[in-house]
Structure formats: structure tokens, C-alpha cells
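This report concerns only the one structure given below.
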Amino acid sequence: MTAPQFSTISLDIEDGIATIWLDRPEKMNAFTPQMKDELIAAFDHTDANDDVRAVIVTGRGRAFCAGADLSSGGDTFDYDKREGVDGRRDGGGQTTLRIFRSLKPVIGAINGAAVGIGATMQLPMDIRIASENAKFGFVFTRRGITPEAASSWFLTRTVGLSTALEWCYSGRVFPASEALEHGLVRSLHAPDDLYPAAVALAHELTDESAPVSIAMTRQMLWRMHAAGHPMDAHRVDSQAIISRGRSADSHEGVSSFLEKRPAEFPNKVSTDMPGFFDWQDEPPFE
């Protein structure tokens, strides 16, 4: 499956790993409505492409994403005055909800400044690693607006309520060391080592695991960590383990272990996700 071509991002696929590059380096990868549409299309492609086992998101140049493109001046966040924008919905939230629905693991490789939507878009990524030079900022109150991109749901679950409130109230920009201290990122790396570390991590997560099992696991854990009772998880877990236990993947996983050889899992995410759950459902926006 040929990767699509984009204008504000780039999509590379090599050895089972898709890399989405935010690709406006001359603008510090500032976020635009077109970038939102292209990111959604890129994740549509990676989900449909069985050659992709994991996705890395990083930035081209010295920034990850410096936030929304402010070239419209004071009207930047006035949706009534912006052409081609759904005046009812936050574009950052449309992006993060699409990442949330991903059937492939998502790794954020935060290579530089990550401010505003540059900070919030990474929250639904499974694991974030960062350059030692990266900086983060939930700067919305300093721009006279509020947190977006569904970050009022994601951020507290990532770093806790008190830290989320401190960062969002003040809107201050803070160093990668503070992001590491509070669990926003998993590890820090020298700038030249960041992307190789992300690729190595992507292989570690996926090389020996069944793609359908990974896709189901990702959605089960993301959705159930906000469930109201463990019984909600038990219902889904029960159907999942029964479904997977019947699968060719399960037979291959056990046989390969007993025979002391690498597994060759036959099931595909594009065709073999079980039907007892809508793995990419999204409640309507009303």
C-alpha cells in the first residue's frame, strides 16, 4: 500500500514502522487546519496498512510543534472568522480523538518546542520520549483561551490533577526535565539519539507480538482506564480472550513457544479484528 503524499506533514514507512513528520520547519511546525486534516488522513492510512506495526510522530527541524499558526493575528482563535473550519468543533480535538482511535501503537518523539496544540496532541500517544532540549507549554490561558484537543480528559490521566492545573493555570513553558519528573515523557535523549531510540522502542513493542492482539490491547486499555467499574473491563476482557483463544494467532503463539521458534502470526488488523466490539467507534458530536 503506497503511502499518501502530504503538504504539511510527511509519512515514511520502513521496516514496519511508520514515521509521521510534522513538516513545516520554517514555521516551527505550527499547526494549521490543513495539518489537522493530513494527520487524520495519515492515521487512516497507518490503520489500514498491514505493513505498519507502529507509528512514530516527530517534528522536522528544531521544533516538534510550536502551537497554532498565529499568522491570522488576533482572529486566530475566532472560529467565526476562519474559512474552512467547522465553527462547532476544535480541530485539535479532532486530531487527538483520531490518534486515540489508532489501532497501532503510537510513540511521540518530542524533538523540540512543544507548545499549545504541540503539547496537547501528544497526550493520546502511548509513550512519549523527548530530546533533552525539548520544552513544553500548555500556554492557553496566556493566549486568552482554554485547553483544547480533549486535554481536559487526557492531561489529568497522564500527570494527575494538581500538576495539570498548575501547568494550565500558569501557562508557563517548562523544560524536558520537568516533563520527565511528572511522567509526561518516559525518557530523555541527546538530540541525535532521539529518533533512533524511538525506532528501537517501536520494534521492541511490536516485533514479537501479534498485530491484532496489539490493536485490541491498545483500545481495551485506553478505553477501560476511564471505565466506571472493573466489571466493564471484565465484560470486554472475557469476549476478547475467548475470541483470541480461537484464533490462528493464538495457535501459532503457543506452537512457536513450544517449538522454540519465532512466531509468524497470520491474522491482520485490516481484516481480522473481532466483531463483538466497535474498536474505532466515536460518540457523535452533538
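Data table
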| read-out | value |
| --- | --- |
| Computed [θ] at 222 nm, deg cm²/dmol, the chain (DSSP H ≥ 4; -39,500 (n - 2.57); rounded to nearest 500) | -12000 deg cm²/dmol |
| Top of ASP192, ASP249, ASP90 by mean-square fluctuation, Gaussian network on the chain, Cα under 10 Å | ASP192 |
| With Cα atoms, 0 to 90° folded angle of helix 33-48 axis to the chain main axis | 10 |
| For the chain, built as a Gaussian network whose Cα springs stay under 10 Å, the top-fluctuating residue of VAL173, VAL52, VAL115 | VAL173 |
| Estimated inter-spin distance, ALA233 and ASP192, nm [label 7 Å along Cα→Cβ] | 4.3 |
| Most mobile of GLY59, GLY67, GLY183 in a GNM of the chain (Cα contacts under 10 Å) | GLY183 |
| Residue-by-residue Karplus 3J(HN,Hα) for the stretch 180-193, coefficients 6.51, -1.76, 1.60, Hz, glycine and proline x | 5, 4, 9, x, 5, 10, 7, 7, 10, 9, 4, x, 6, 9 |
| Charge-dipole axis of the chain as Lys and Arg at +1 and Asp and Glu at -1 on Cβ define it, positive-most pick from GLN239, ILE127, HIS225 | HIS225 |
| Overall form of the stretch 211-272 per C-alpha gyration tensor (a/c, 1.5; a/b vs b/c) | prolate |
| Relative contact order of the stretch 9-206, pairs being alpha-carbon contacts under 8 Å that are 6 or more residues apart, as % | 20 |
| Amide hydrogen neighbours beyond the local backbone of HIS189, cut-off 5 Å, H modeled | ALA130, SER131, GLU132 |
| Angle in degrees between helix 211-224 and the longest Cα principal axis of the chain, rounded to the nearest 10 | 50 |
| Footprinting exposure proxy for MET28, MET35 (fewest neighbouring C-beta atoms within 10 Å first) | MET28, MET35 |
| Residue order, fewest to most beta carbons within 10 Å, for MET224, MET231 | MET231, MET224 |
| Modelled FRET efficiency - R0 30 Å, GLN5 with ASP50, Cβ distances, 0.05 increments | 0.90 |
| Estimated dipole of the chain in Debye, rounded to 20 [Cβ of Lys and Arg +1, of Asp and Glu -1, Cα centre] | 620 |
| Net +/- balance of residues flanking PRO262 in space, Cβ distance below 11 Å, scoring K and R +1, D and E -1 | -3 |
| Angle in degrees between helix 230-245 and the longest Cα principal axis of the chain, rounded to the nearest 10 | 50 |
| Shape call, the stretch 112-206: gyration tensor on alpha carbons, a/c limit 1.5 | prolate |
| Nonlocal amide H pairs with ALA68, under 5 Å, H built at 1.01 Å | PHE31, ILE117, GLY118 |
| Burial order of peptide ranges 250-256, 278-284 (average beta-carbon count within 10 Å, highest first) | 250-256, 278-284 |
| Amide proton proximity set for ILE56, modelled H, under 5 Å, gap of 5+ | ALA18, THR19, ILE20, ILE107 |
| DSSP bridge pairs, the chain: antiparallel proportion in percent, nearest 5 | 30 |
| Global form of the stretch 9-206, assessed from the alpha-carbon gyration tensor, a/c cut-off 1.5 | oblate |
| Estimated distance in nm for a label pair at GLN34 and GLU259, the labels positioned 7 Å out from Cα along Cα-to-Cβ | 5.2 |
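Throughout, read-outs are computed from the coordinates displayed, never taken from laboratory work. The shown structure was predicted, so the numbers you read here are calculated from the model rather than taken from an experiment. Neighbour counts run over all protein chains shown; Cβ positions are idealised from the backbone, glycine included.
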